[in-house]
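Data first, discussion second: the structure below is written as structure tokens.
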Amino acid sequence: YEKNNFMGATYMMLSFLIISLTFPKFIVITSMIILSLSDTCAALVGLTIGKVKILNNKTLEGSAGFMMLTVFILSFCSISLFQIMFISVIITITEHITPAEYDNFSVPLVSSLLLYILL
């Protein structure tokens, strides 16, 4: 499959390389955790109980799972509740509007950038 196209793991590794070379370690680790856990949660929730498809064959329920777990992850950071909610909403929108093949690339970049700007 990867002979003609990159897989999600390739995009993930490329984004991890970019953020590792660009941002502080704390931001990189947080962004990696958000992608690894929240994106997996979105897929599992969307596939099992997702009914309301919105965009790119992704569900409202999957996006809600993504956002809730992202809020939980960010609650361990030393940022305000407003910042947690703002970052979570923007990352969730990014994940939802990005086609599934490319969200492994866009989510770490956007989350790292937002954390960098707001920290």
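The values are calculated or read from the model by the stated rules, or taken from the named source; none is laboratory data. Since the model is a prediction, treat every value here as computed from it, not as a measurement. Glycine gets a Cβ as well: all are built from the backbone with ideal geometry, and neighbour counts include every protein chain shown. We work out accessible area using only protein heavy atoms, side chains counted, and drop any ligands, DNA or RNA first. Shrake-Rupley method; radii C 1.70, N 1.55, O 1.52, S 1.80 Å.
Can you tell me which of I49, I91, I19 moves the most in a GNM of the chain? Springs connect C-alpha atoms under 10 Å apart. Sorting by GNM fluctuation, first place goes to I49. When the solvent-accessible area of segment 1-112 is split by element, carbon and sulfur atoms take up 73 percent of it, the probe being 1.4 Å.
With both labels modelled 7 Å from their Cα along Cα-to-Cβ, the L47 to L81 distance reads 3.5 nm. Taking I79, I87, I33 as the candidate residues, the one with maximal mean-square fluctuation in a Gaussian network model of the chain, Cα springs under 10 Å, is I79.
Note on the chain: with a GNM built from Cα contacts shorter than 10 Å, the maximum mean-square fluctuation among F82, F66, F26 falls on F82. Taking every alpha-carbon pair within the chain, the share separated by more than 16 Å comes to 57 percent. Which of rounded, prolate, oblate describes segment 1-70, given a ≥ b ≥ c as roots of the alpha-carbon gyration tensor eigenvalues and a/c under 1.5 marking rounded, otherwise prolate only if a/b is larger than b/c? Oblate, since a/c reaches 1.5 and b/c is not below a/b. Per-residue surface analysis assigns K53 an accessible area of about 130 Å², computed on protein heavy atoms at 1.4 Å probe radius. Using only side-chain charges placed at the Cβ, +1 for Lys and Arg and -1 for Asp and Glu, the dipole size of the chain relative to its Cα centre rounds to 60 debye.
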